[in-house]
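These notes concern the structure reproduced below.
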Amino acid sequence: MTKTRWGLLSTANINRHVIPALRASPRGELVAVASRSQATADAYARRWEIPQAFASYQAMLDSGAVDAVYISLPNLYHAEWTIRSLQAGLAVLCEKPFALSLDEVDSVAAAAQASGRPVAEAFMYRHHPQMKLALEWAKSGRLGEVTLVRSTFNFKIDQRTDIRLQPSLGGGSLWDVGVYPISFAQAVLGGPPEEVLGDQWIGDTGVDEGFSGQMCYSGNRVAQISCSFRTPFYTSAEILGTEGRLVLDSPFVPGRDGKPHHVTFYPAGDAPREMPFDELYLYQGEVEDLQDALLHGTPPFISLAETRNHIRTALALYESARTGVVVPL
């Protein structure tokens, strides 16, 4: 295999960001899309100039037409269709949240082991040079001892029928955008926290439309996260150490508005300075990473062990928010 034939498993809106990355890759090609009806699949294929359209997800998996799939289904179906794709012998890039339970993550891991095909959680920002620069600074000691990580991801949902507001489909702000601050904290601090405290605002939809949490680590290290569906779009992240702090002005969607973004270092007792990094189309890194795993056998950049800790932490935060007590992991 010299080129990866990609299929889109669903016609979700997020696909519009991934399609350019698939088409820009010299090692990949977008060849198929699947939906729940032939009419929907055909219309989507015409719109995006995709050669093949399938009337069901399973039909595409069984077709032999694709080598890898990008799964952008509602959260409830992520694990199920990741497993089905792996069982069909395909590589999988699955949108976050990767699953809604630890049992689901473990079932995916077992299916990946049995199939020998790579699978990865689609946290696109983790592959971006901005994030890699921030992690390099945090782990090199240039900030001194890291003591606090803070991050936020908010955006407003006005349409009350949005699937992200439906409990039955795994909706909620923590699952949808709060997992970004969770993954950011765990990348910087080296893994899951020892205990968490969460608080949520439940809307009339029955899902958390606002969530805040504190993640406590050994050595008096703390991560504070927040997310919301109730306020205009805003993201932020900063890493505080004993020798200064690092601020990412657009941590999870760098380049979203077409303007250059910055990582700024604020040293103790000195003037701030911006840290340069290479620009990259936001979704390109995750596509190339999975292709490396499929074509060359390299492990995916985000391991299933790391993904399991994302889900484990989110579940603990939800439990804490429900019970009002600190939850150990």
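Within the range 123-164, restricting attention to residues that are small (Gly, Ala, Ser) and surrounded by fewer than 23 Cβ atoms within 10 Å (Cβ to Cβ), which residue is farthest from residue 302 (Cα to Cα)? Once the filter is applied, the top-ranked residue is 144.
The residue that is nearest to residue 283 (Cα to Cα), counting only those in the range 73-89 that are among the hydrophobic types (A, V, I, L, M, F, W, C) and touching a residue at least 60 places away in the same chain (Cβ under 8 Å), is 73.
For the range 242-286, a tally of residues being of a type in the set (Asp, Glu), in contact with a helix residue (DSSP H, G or I) (Cβ under 8 Å, 6 or more places away or on another chain) and modelled with pLDDT under 95 returns 2. Within the range 205-220, does at least one residue satisfy the condition of being surrounded by fewer than 20 Cβ atoms within 10 Å (Cβ to Cβ) and assigned to a loop (DSSP other than H, G, I, E, B)? So far as the range 205-220 goes, yes, one or more of its residues are surrounded by fewer than 20 Cβ atoms within 10 Å (Cβ to Cβ) and assigned to a loop (DSSP other than H, G, I, E, B).
When the residues of the range 193-202 are filtered to those that are of a type outside the set (D, E, K, R) and farther than 17 Å from residue 148 by Cβ, which remaining residue is surrounded by the most Cβ atoms within 10 Å (Cβ to Cβ)? Outline the logic, then answer.
Initial filter on the range 193-202 (of a type outside the set (D, E, K, R)): 193, 196-198, 200-202.
Of the ones still in play, those that are also farther than 17 Å from residue 148 by Cβ are 198, 200-202.
Values: 198: 27, 200: 22, 201: 14, 202: 15.
Going through the qualifying residues, I end up with 198.
Restricting the range 35-72 to residues that are in contact with a strand residue (DSSP E or B) (Cβ under 7 Å, 6 or more places away or on another chain) and acidic (Asp, Glu), the residue that is surrounded by the most Cβ atoms within 10 Å (Cβ to Cβ) is 67. The strands (runs of 3 or more DSSP E) found entirely in the range 221-299 that carry 3 or more residues being under 21 Å from the mean Cα position of the chain (by Cα) and of a type outside the set (Val, Ile, Thr) are 221-228, 234-241. Scanning the range 15-52 for residues that are touching a residue at least 60 places away in the same chain (Cβ under 8 Å) and part of a helix (DSSP H, G or I) returns 17, 18, 20, 21, 22, 24. Within the range 151-171, residues that are at positive phi reach partners that are polar (S, T, N, Q) with beta carbons closer than 6 Å, at six or more positions or on different chains, in the pairs 170/75.
Just a yes or no: is a residue in the range 170-180 surrounded by 19 or more Cβ atoms within 10 Å (Cβ to Cβ), β-branched (Val, Ile, Thr) and either farther than 30 Å from residue 296 by Cβ or touching a Phe, Trp or Tyr at 6+ places or on another chain (Cβ under 6 Å) (or both)? Let's see the steps before the verdict.
Residues of the range 170-180 that are surrounded by 19 or more Cβ atoms within 10 Å (Cβ to Cβ), as a first pass: 170-180.
From what is left, the residues that are β-branched (Val, Ile, Thr) are 177, 179.
Now restrict to residues that are either farther than 30 Å from residue 296 by Cβ or touching a Phe, Trp or Tyr at 6+ places or on another chain (Cβ under 6 Å) (or both): 177.
There is at least one residue in the range 170-180 that is surrounded by 19 or more Cβ atoms within 10 Å (Cβ to Cβ), β-branched (Val, Ile, Thr) and either farther than 30 Å from residue 296 by Cβ or touching a Phe, Trp or Tyr at 6+ places or on another chain (Cβ under 6 Å) (or both).
The values are calculated or read from the model by the stated rules, or taken from the named source; none is laboratory data. Everything numeric here is computed off the predicted structure, so don't read it as measured data. Don't worry about glycine lacking a Cβ; one is built from the backbone with ideal geometry, like all the others, and counts go over all protein chains shown.
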